[in-house]
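The values are calculated or read from the model by the stated rules, or taken from the named source; none is laboratory data. Quick caveat, the model's predicted, so the values are computed rather than measured. Positions of Cβ are backbone-derived with ideal geometry, glycine not excepted, and every protein chain shown enters the neighbour counts.
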Amino acid sequence: MTASAAGEAGHGLVTAPDTVALAARTPDRAQPHAELGLTDAEYASVGGLLGRRPTDSELAIYSVMWSEHCSYKSSRVHLRQFAEKAPPTTSLLAGIGDNAGVVDIGQGYAVTFKIESHNHPSYVEPFQGAATGVGGIVRDILAMGARPVAVMDALRFGAVDAPDTRRVLPGVVGGISFYGNCLGLPNIGGELAFDPCYSGNPLVNALCVGVLRHQDLKLAAARGPGNQVVLLGSPTGPDGIGGASVLASASFGGGGETAKRPNVQVGDPFMEKLLIECCLELYAAGVVVAIQDLGAAGIACATSELAAAGGTGMAVTLDLVPLRDPSLGPAEILMSESQERMMAIVEPGALEKFAEICARWDVPATVIGEVTGTGRLIATWRGEVVVDIPPESAAEGPLYQRPLRRPAGQDGRLADDPAPLADAARSGPGLADRLRADLLALLGSPAGADKAWVTEQYDSYVRGNTVQATPHDAGVLRIDEETFLGIALATDGNGRFCLLDPYAGTQLALAEAYRNVAASGARPLAVTNCLNFGSPEDPEVMWQFAEAVRGLADGCLALGVPVTGGNVSFYNQTQDEAIQPTPVIGVLGVFADVRRRLASGFGAPGEQIMLLGTTAPEFGGSLWASVVHCHLGGRPPAVDLAAERRLAEVLAGAAEAGLLSAAHDLSDGGLGVALAECCLTGADGPARSGDGIGCTVDLGTDPFTALFSESPGRALVAVRDGQREAFARLCAEHGVPAQPIGFTGGDELAVAGAFSVPVGELAAARRGTLGELFG
Amino acid sequence: MTTRVGIVTFPGSLDDVDASRAVARAGATPVPLWHGDRGLRGVDAVVLPGGFSYGDYLRCGAIARFAPVMADLIPAATDGLPVLGICNGFQILCEAHLLPGALTRNAGRRFVNREVRIRIENGQTSWTAGYQPGHEITVVLKSGEGRYVADQRTLDELEASGRVLARYASGNPNGSARDIAGVTNPAGTVVGLMPHPEHAIDALTGPGTDGLGFFASILSALADA
């Protein structure tokens, strides 16, 4: 503990802050940079660029802005590939580095979408952690000038029957339900997966998508000296400032009286809903020059990023920030992560109109400073200058080329091929019974089970533009009620594949999301990602990360879809145990006419079922190996992105031409699980179709491989009567193998010569799993 | 003159856009009404839409009931202005004592988002005249506090006087007393319904068009008046 000039003042009784003047006079005062997460070298570099030691407030700013979370200091050298290898595109209106990427979807509309992690807070306090994760990503989208129109969630938890999963999962789902429903955003899809590797590090990745007209695009750049800096939304309280508490107690000689500060923020979706409507009205009135959401690092981040992006300076008076807790000091005000706040840059002449709109929505708005031409970010508190820094130095942060090392166990994993297990399963007596039992085991597994226990807690209808939601392959929205312009969105990730081969695994996740979008009938257009990994300080984790990014960048180039933005979440590990590398990839697609979308379930009896793509005996990392044999080894399925592209052409083309009544991508569990899902989902989702519709298929001489292989690049389709020839022609044109395997109809899933399962039994196998576990 | 149907937006209203769309689809003119304004802009009927007015703080609908617009709406409704409260709107009507009973936490204690079958029990109200009694329709239920409760005497009175508007017909999704999904005032003008007919007006975005009848009903009711 170091006594500062403030003497014995404890928390809340700060009389004299650490000022720039004081910092210049007391160069040798020790500061708690290590407790705040800055290395000695980083601390020294702050001193170097300021020409003096930082003040406590400046130290707070650099500690959060240079954190991995805000600065991407370990990942940036790799993420550059997304720009370097970007496929040629004319559809990107804003890209990486902005709050979210913005994609032109035609007719003057643009779509912005982004996925972001809230993993750590969701483990500490699942309900609020997940709720504020939704809130944060929604504000990112709002800050682009867009109306948020839907959310999705990619969730991963520890073993489904682990006691802690029973704490974390219902809390996370409840928090998403509470916040998203109250905001009035439909939840249109996502993922739910379980693996013991996530037990201490659940993944809560929230995606939001928004829509705007091209001319409404807002960028977060503070331009125009003299323009006003307005803070709007909730008052600032002591939320998420554990770090600043360290600073307060250490530097103010607080001794044993360290204030107990909550590290997880608490969300108020009602205020966020008001903030959305208020901001949209402010945009429409033309009174916003620039805007930025307040997320991690709060005011510190917003002021430094706005000023840095604008190439200007900014002067703010921290005393003007409305506080929920008047005892907060300047460092805490700067670092607070209180939710439901935005920072807008407003011309002085527009302030009156701005305030009037905020008042109409009961959204507090306060001028706290102005844009300057000084190139400095200056903050004062009680008449003293407590921050005086070049904003870009905080906004940019250090850059690390961390060491990489291929994991020692990698060769062993690859060599541990499940082929012998598959060979044993394929032959021997009782094959038909074993196939049937294995299929039901996959359907009853947490991965294969019906997710309705979760998705029924989310409003999927609000705003009235949801065309498809879970359990369809992609969430589908109508964007324009007159022209029926529409979009599709899907997210996918597969930690098992990525553990075996992060390069291929990431491409498999990309290919699956891309295929999901295509299977809904949309044309894939752009990519977002949330990269969840262990510690970047572990060279083996860093190797996984580098491989994953390389795989994604190469994959996006091959598929012709640019990465528009994303998020990196490191340190998902407990002691030495990292999670499986889990990049979650989101793909956006567009429909010229959303009425042509494809359902993923069978809609009518008597239609021909075709299997598109090529099936090889590929079981490495498969659901079958995992569920039936608890096995994870070998090589993941081989990726063929050119084939994925051809398949997507066929699916989107067939949808536009009205040739198909259903299409469903093959992924986890392979054809067996896909067939069961097609039987149960129906054309309009389970609730609309009643009891589902069966099918009879002939899977040839090796039904085991046909049912459970996870070869990518495949989809199952039901061809409309009278369109078989046209569809066969389309497949031939694009060189996509298409094999007729049977027909829809009846009330059971029948594999000729092997086994059959009544549709009701399929449903029962999937239905109970989650409900029984989580009540 | 087309029929003008007011849609009230409270802070936290969410399905106001959907209610407006449904009103327009039925052939009437939706008229936005703002919670903080007095006066009803000469509308012929009013929809209180779903959402979380005032964040559902205190109790669902408890604060909205005191909004300035309600100071005009409550006496107008008492005097016969047709009012449809959907979900949060139903909660507000109960809080305003325009309808009996209350909506409480679902029996399952979780939010329920699901398509449900409901049976129209009373086809005589301003909002259900387009349905035959006993007609089953599919609409959307999406609520965390949708469990209808009232004391036994009130429930008996509602039953005896035909004021049970609709009942859940495909299982009771939230533990509502006597499967009640909606009720009406004695005049059949003020109606509360927990599920959302405005989300069932288009097969593209909902479970068919069964819900459109609520909005078509008010048009014909007003035309006949």
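The table below gives the values:
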| item | result |
| --- | --- |
| Those residues of region A:481-507 which are among the hydroxyl-bearing types (S, T, Y) and within 14 Å of chain B (Cβ to nearest Cβ), in sequence order | A:T483 |
| Filtered residue count, region B:197-208, keeping only those that are outside any loop (DSSP other than H, G, I, E, B), within 11 Å of chain A (Cβ to nearest Cβ) and of a type outside the set (D, E, K, R) | 1 |
| Matching residues in region B:100-131 - criterion: being within 30 Å of A:G171 (Cβ to Cβ) and within 14 Å of another protein chain (Cβ to nearest Cβ) | B:R105, B:N106, B:A107, B:G108, B:R109, B:R110, B:F111, B:V112, B:N113, B:R114, B:E115, B:V116 |
| Residue check, A:G565 out of contact with any Asp or Glu (no Cβ under 6 Å at 6 or more places or on another chain), modelled with pLDDT of 95 or more and either more than 24 Å from A:A599 (Cβ to Cβ) or in the same structural domain as A:F619 (by TED's automatic domain parsing) (or both) | no |
| Total residues in region A:464-495, condition surrounded by fewer than 23 Cβ atoms within 10 Å (Cβ to Cβ) and over 18 Å from B:V116 (Cα atoms) | 7 |
| Matching option when the condition is under 23 Å from A:L414 (Cβ atoms), in the same structural domain as A:R413 (by TED's automatic domain parsing), surrounded by fewer than 22 Cβ atoms within 10 Å (Cβ to Cβ) and in contact with a Lys or Arg (Cβ under 9 Å, 6 or more places away or on another chain), among A:L641, A:L623, A:L632 | A:L632 |
| Residue that is farthest from the other protein chains (Cβ to nearest Cβ) [pool: residues in region B:37-75 that are touching a residue at least 40 places away in the same chain (Cβ under 8 Å) and farther than 17 Å from B:E95 by Cβ] | B:D44 |
| Identity of the residue in region A:82-141, assigned to a loop (DSSP other than H, G, I, E, B) and touching a Gly at 6+ places or on another chain (Cβ under 6 Å), that ends up farthest from A:E340 (Cα to Cα) | A:P87 |
| Residues of region A:459-480 classified as in a loop (DSSP other than H, G, I, E, B), facing another protein chain (nearest Cβ under 7 Å) and within 26 Å of A:L675 (Cα to Cα), total | 1 |
| Any hit, region A:382-401, residues being assigned to a loop (DSSP other than H, G, I, E, B), exposed (fewer than 15 other Cβ atoms within 10 Å of the Cβ) and without any contact (Cβ under 8 Å) to a residue 12 or more places away in the chain | yes |
| Residue within region A:21-43 that is buried (at least 16 other Cβ atoms within 10 Å of the Cβ), among the β-branched types (V, I, T) and assigned by TED's automatic domain parsing to the domain that holds A:A331 present | no |
| Subset of region B:11-36 [aliphatic (A, V, I, L, M) and facing another protein chain (nearest Cβ under 8 Å)] | B:L14, B:V17 |
| Unmet requirement for B:I137, which otherwise passes all of (1) surrounded by 20 or more Cβ atoms within 10 Å (Cβ to Cβ); (2) more than 14 Å from every other protein chain (Cβ to nearest Cβ) | (2) |
| Single residue of region A:169-200 satisfying the filter (modelled with pLDDT of 95 or more and part of a loop (DSSP other than H, G, I, E, B)) that is nearest to the other protein chains (Cβ to nearest Cβ) | A:G184 |
| Among (1) within 18 Å of A:Q228 (Cβ to Cβ); (2) within 14 Å of chain B (Cβ to nearest Cβ), the one test that A:L294 misses | (2) |
| Selected residue (criterion: nearest to the chain's Cα centre (by Cα)) from residues of region A:320-359 that are closer than 16 Å to A:R382 by Cβ and in a helix (DSSP H, G or I) | A:L334 |
| Search result, residues across region A:315-348 that are of a type in the set (G, A, S) and either buried (at least 24 other Cβ atoms within 10 Å of the Cβ) or outside the structural domain of A:R382 (by TED's automatic domain parsing) (or both) | A:G329, A:A331, A:S336, A:S338, A:A344 |
| All positions within region A:350-371 that are without any contact (Cβ under 8 Å) to a residue 24 or more places away in the chain and more than 14 Å from every other protein chain (Cβ to nearest Cβ) | A:E352, A:A355 |
| Selection count, region A:142-164, where residues are in a helix (DSSP H, G or I) and modelled with pLDDT of 95 or more | 1 |
| Residue identified as among the small types (G, A, S), surrounded by fewer than 24 Cβ atoms within 10 Å (Cβ to Cβ) and at pLDDT below 95 among B:S170, B:S161 | B:S170 |
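Here is a yes/no grid of residues against (1) away from chain A (no Cβ under 14 Å); (2) basic (K, R):
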{"position": "B:A96", "(1), (2)": "yes, no"}
{"position": "B:K142", "(1), (2)": "no, yes"}
{"position": "B:Y148", "(1), (2)": "yes, no"}
{"position": "B:D156", "(1), (2)": "yes, no"}
{"position": "B:A187", "(1), (2)": "yes, no"}
{"position": "B:V191", "(1), (2)": "yes, no"}
{"position": "B:P195", "(1), (2)": "no, no"}
